[in-house]
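Have a look at the structure below, then the notes.
The values are calculated or read from the model by the stated rules, or taken from the named source; none is laboratory data. Quantities reported herein were computed from a predicted structural model and do not represent experimental measurements. Every residue, glycine as well, gets a Cβ built from its backbone with ideal geometry; the counts of neighbours run over all protein chains shown. Ligands, DNA and RNA are excluded from the accessible area calculation, which covers all protein heavy atoms including side chains. Shrake-Rupley method; radii C 1.70, N 1.55, O 1.52, S 1.80 Å.
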Amino acid sequence: MENNKELTFPKDFLWGAGTSAFQVEGAYLEDGKGITSADLHSLQKSDKQADTKVSVDFYHKYEEDIKLMSELGLKSYRFSISWARIFPNGNDRIPNKLGVDFYDKIINLLLDNNIEPIVTLYHFDIPQNLVEMYNGWASRKCIDDYEAYAKYCFSKYGDRVKYWITINEQRVLAESKSLIGFKENKNINWESIRHQMNHNMYLANAKVIKLCHKMLQNAKIGPAISYLTTYPASSKPEDVFYAKQLEDIWSFATIDMYCYGDYPSYYKQYMKECNVSVEYDKSDSEILKNAKPDFIGINWYQTATVKYTNVLDKELNKNNSLEPTTILLNGKIKIVKNENLNYTNWGWPIDPKGFRIALRKIYERYHIPIIITENGLGAEDTLTESKNIHDNYRIEFLKNHLINVKNAIDDGVEILSYNYWSFIDILSSSNGINKRYGLVYVDRDEFNEKQLERIKKDSYYFYKDIIKSNGFILSKK
Ligand code: BG6
């Protein structure tokens, strides 16, 4: 760094951290909460890993946890409201008072500690009753029920919450039957219905943005997307094209829909290739085009290196993970190992420079502010006998990614907030508790909850220093 001062972040930058309801709260059926798709998704795997029943028990330990947030110096905390705590069946006429009170207490306590709540309305956990009733997002009724739920949240918490996230990672949801909530039925074909579910979520997002702007003049609202930066495996034009194709189909088509309200032509073409189509109502176009997000929330973890292939074995195409050898886009591409990068134990490449590239690409295309809603490292941590966690690997990750965030800001990207994922160890959405993301360790194993003791990791202290110096100390590390 030529000049240390360069690493100071903008005044009022929101240094944050995040979690989501099903990944931390536990109390999965307590105080009237209804069961959700995320609960069932985790319960299906409860013979192999921890589930949402207790998770890390934020529901009962929130006071202790918010105290830790305050001590860390957090300026923002991104968390989600569980729709089924407010409306246990997803569409009840009367909200569940105990659920409503829980989030009231969280929001008030955060504000008492000068922490800005960034509230996600829907993070992978649709009330299961809506899946039973009408197959969740497959039905347009879900749009109305989601809008009614959002309306209630705006009216109840909107006097205090300034930042709202509509839907977390809708593209990822539309690829996971169990997370989105899908009832198998021989008359319904998943491949075609998932595109309709995606479409219905775009409508829901647009309606709720519009509603928020009408009800809460000072609030800001936007979606959070999973952004995957892609590299071609070689300079062969096919590799370059398909790297672009994956980034366009997975990331830009989604942001285009949010910002411009229309499917890009290449996406329509892709749907044709998949033999699927989406039912458009007369008013859809107007609804989609009339809602503009105030920011884009970016969840960013990794890059993918893409090689053109032409695999005809359709079975191989079903795997939607990103590990090397994964086949995607109807057998057209293969994800390959990037020899220039290190990988996590779960096969995720670690690529801080890719983060700067992503932030630049997004901002240069849409010119609206960015909130980094997620960025973090899942790793196995070891608790020492003296109860420490020396997670130097997480410190390295955080440092290198934040330097690239600052570089992107200097490149001209408007970034309002960085929310490290996650504040505390969570239930990983795919891998249970041992894939730890937190700055705060929770002493529990997959099957033994123990006392759920909270222990600050070395990365907690590191982030604390960063926040305190508004990023300045990054230049000295
Ligand atoms: C994002 C989700 O996709 O990735 C989070 O919004 C999730 O909920 C994170 O925890 C990391 O993924 P995983 O599967 O390791 O938990």
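Quick check on region 159-178: of everything there that is open to solvent by 10 Å² or more (accessible area, probe 1.4 Å) and part of a helix (DSSP H, G or I), which residue is nearest to the ligand (Cβ to nearest atom)? Even if it seems obvious, please write down each step before you answer.
Residues of region 159-178 that are open to solvent by 10 Å² or more (accessible area, probe 1.4 Å), as a first pass: 159-160, 162-163, 169, 171-172, 175-178.
Next, only the ones that are part of a helix (DSSP H, G or I) stay: 171-172, 177-178.
On the way: ARG171: 10, VAL172: 6, LYS177: 16, SER178: 13 Å.
Out of the qualifying residues, it is VAL172.
Restrict the check to region 288-299 and report whether at least one residue is surrounded by fewer than 20 Cβ atoms within 10 Å (Cβ to Cβ), at pLDDT 90 or above, away from the ligand (no atom under 16 Å from the Cβ) and in a helix (DSSP H, G or I).
yes
Anything in region 225-278 that is of a type in the set (Ser, Thr, Tyr), open to solvent by less than 50 Å² (accessible area, probe 1.4 Å), without any contact (Cβ under 8 Å) to a residue 24 or more places away in the chain and outside any helix (DSSP H, G or I)? List them, or say none.
Listed by number, the list holds a single entry, TYR263.
How many residues, within region 382-397, are within 16 Å of the ligand (Cβ to nearest atom) and open to solvent by 20 Å² or more (accessible area, probe 1.4 Å)?
Summing the residues that are within 16 Å of the ligand (Cβ to nearest atom) and open to solvent by 20 Å² or more (accessible area, probe 1.4 Å) in region 382-397 gives 1.
ARG140 - would you say it is in contact with a helix residue (DSSP H, G or I) (Cβ under 7 Å, 6 or more places away or on another chain) and closer than 30 Å to LEU14 by Cβ? Step through it out loud before you land on a result.
Values: in contact with a helix residue (DSSP H, G or I) (Cβ under 7 Å, 6 or more places away or on another chain): yes; closer than 30 Å to LEU14 by Cβ: no.
Taking the combined requirement at face value, the residue does not satisfy it.
When the residues of region 429-463 are filtered to those that are within 12 Å of the ligand (Cβ to nearest atom) and more than 24 Å from LEU110 (Cβ to Cβ), which remaining residue is surrounded by the fewest Cβ atoms within 10 Å (Cβ to Cβ)?
Checking each candidate, the answer is SER430.
If you take just the helices (runs of 4 or more DSSP H) that sit entirely in region 44-158, which of them hold at least 2 residues that are open to solvent by 40 Å² or more (accessible area, probe 1.4 Å), of a type outside the set (Asp, Glu) and within 19 Å of GLY181 (Cα to Cα)?
Here the list reads 128-134.
Pick out the one residue from ILE143, ILE81, ILE107 that is of a type in the set (Val, Ile, Thr) and within 16 Å of the ligand (Cβ to nearest atom). Write out each step before concluding.
On the way: ILE143 fails: within 16 Å of the ligand (Cβ to nearest atom); ILE107 fails: within 16 Å of the ligand (Cβ to nearest atom).
Result: ILE81 is the single residue among ILE143, ILE81, ILE107 that is of a type in the set (Val, Ile, Thr) and within 16 Å of the ligand (Cβ to nearest atom).
Within region 194-203, is even one residue within 16 Å of the ligand (Cβ to nearest atom), surrounded by 16 or more Cβ atoms within 10 Å (Cβ to Cβ) and assigned to a loop (DSSP other than H, G, I, E, B)?
Within region 194-203, none of the residues are within 16 Å of the ligand (Cβ to nearest atom), surrounded by 16 or more Cβ atoms within 10 Å (Cβ to Cβ) and assigned to a loop (DSSP other than H, G, I, E, B).
From ILE371, ILE466, grab the single residue that is outside any helix (DSSP H, G or I) and crowded, with 20+ Cβ neighbours inside 10 Å. Step through it out loud before you land on a result.
Working: ILE466 fails: outside any helix (DSSP H, G or I).
That would be ILE371, the only listed residue that is outside any helix (DSSP H, G or I) and crowded, with 20+ Cβ neighbours inside 10 Å.
Do we have any residue at all in region 220-243 that's in contact with a His (Cβ under 8 Å, 6 or more places away or on another chain), closer than 23 Å to ILE372 by Cβ, more than 16 Å from the ligand (Cβ to nearest atom) and not basic (Lys, Arg)?
From region 220-243, those in contact with a His (Cβ under 8 Å, 6 or more places away or on another chain) are 221; that's our starting set.
Now restrict to residues that are closer than 23 Å to ILE372 by Cβ: 221.
Cutting the leftovers down to more than 16 Å from the ligand (Cβ to nearest atom) gives us 221.
Still in the list and also not basic (Lys, Arg): 221.
Within region 220-243, one or more residues are in contact with a His (Cβ under 8 Å, 6 or more places away or on another chain), closer than 23 Å to ILE372 by Cβ, more than 16 Å from the ligand (Cβ to nearest atom) and not basic (Lys, Arg).
Read through the list (1) within 14 Å of the ligand (Cβ to nearest atom); (2) touching a residue at least 40 places away in the same chain (Cβ under 8 Å); (3) surrounded by 21 or more Cβ atoms within 10 Å (Cβ to Cβ), then give the number of the only condition that LEU402 fails.
Among (1) within 14 Å of the ligand (Cβ to nearest atom); (2) touching a residue at least 40 places away in the same chain (Cβ under 8 Å); (3) surrounded by 21 or more Cβ atoms within 10 Å (Cβ to Cβ), LEU402 violates only (1).
Could you run through region 135-174 and say how many residues are of a type in the set (A, V, I, L, M) and touching a strand residue (DSSP E or B) at 6+ places or on another chain (Cβ under 6 Å)?
Let us first name the residues in region 135-174 that are of a type in the set (A, V, I, L, M), namely 138, 143, 148, 150, 161, 165, 167, 172-174.
This time we only want the ones that are touching a strand residue (DSSP E or B) at 6+ places or on another chain (Cβ under 6 Å), so: 150, 161, 165, 167, 172.
So the count comes out to 5.
Given the conditions (1) in contact with a Gly (Cβ under 6 Å, 6 or more places away or on another chain); (2) surrounded by fewer than 23 Cβ atoms within 10 Å (Cβ to Cβ), and given that ASP31 satisfies all but one, which numbered condition is not satisfied?
Of everything listed in (1) in contact with a Gly (Cβ under 6 Å, 6 or more places away or on another chain); (2) surrounded by fewer than 23 Cβ atoms within 10 Å (Cβ to Cβ), ASP31 misses just condition (1).
Evaluate the following for ILE409: is it open to solvent by less than 10 Å² (accessible area, probe 1.4 Å) and in contact (Cβ under 8 Å) with a residue 60 or more places away in the chain?
Details: open to solvent by less than 10 Å² (accessible area, probe 1.4 Å): no; in contact (Cβ under 8 Å) with a residue 60 or more places away in the chain: yes.
No, not satisfied.
Only one of (1) among the hydroxyl-bearing types (Ser, Thr, Tyr); (2) modelled with pLDDT under 95; (3) open to solvent by less than 10 Å² (accessible area, probe 1.4 Å) fails for THR303. Which number is that?
(2)
Within region 209-218, identify whether any single residue is under 16 Å from the mean Cα position of the chain (by Cα), within 22 Å of ALA21 (Cβ to Cβ) and either within 16 Å of the ligand (Cβ to nearest atom) or modelled with pLDDT of 95 or more (or both), and answer yes or no. Let's see the steps before the verdict.
Restricting attention to region 209-218, the residues satisfying the condition of being under 16 Å from the mean Cα position of the chain (by Cα) are none.
Scanning region 209-218 turns up no residue that is under 16 Å from the mean Cα position of the chain (by Cα), within 22 Å of ALA21 (Cβ to Cβ) and either within 16 Å of the ligand (Cβ to nearest atom) or modelled with pLDDT of 95 or more (or both).
Mind checking which residues of region 324-343 are of a type outside the set (Val, Ile, Thr), without any contact (Cβ under 8 Å) to a residue 40 or more places away in the chain, in a loop (DSSP other than H, G, I, E, B) and within 14 Å of ALA233 (Cα to Cα)? Can you show your working first?
In the first step, residues of region 324-343 are kept if they are of a type outside the set (Val, Ile, Thr); the result is 324, 328-332, 334, 337-343.
Among the residues that remain, those that are also without any contact (Cβ under 8 Å) to a residue 40 or more places away in the chain are: 324, 331, 334, 337, 339-343.
Checking which are in a loop (DSSP other than H, G, I, E, B) leaves us with 324, 331, 337, 339-341.
Selection gives PRO324, LYS337, GLU339, ASN340, LEU341.
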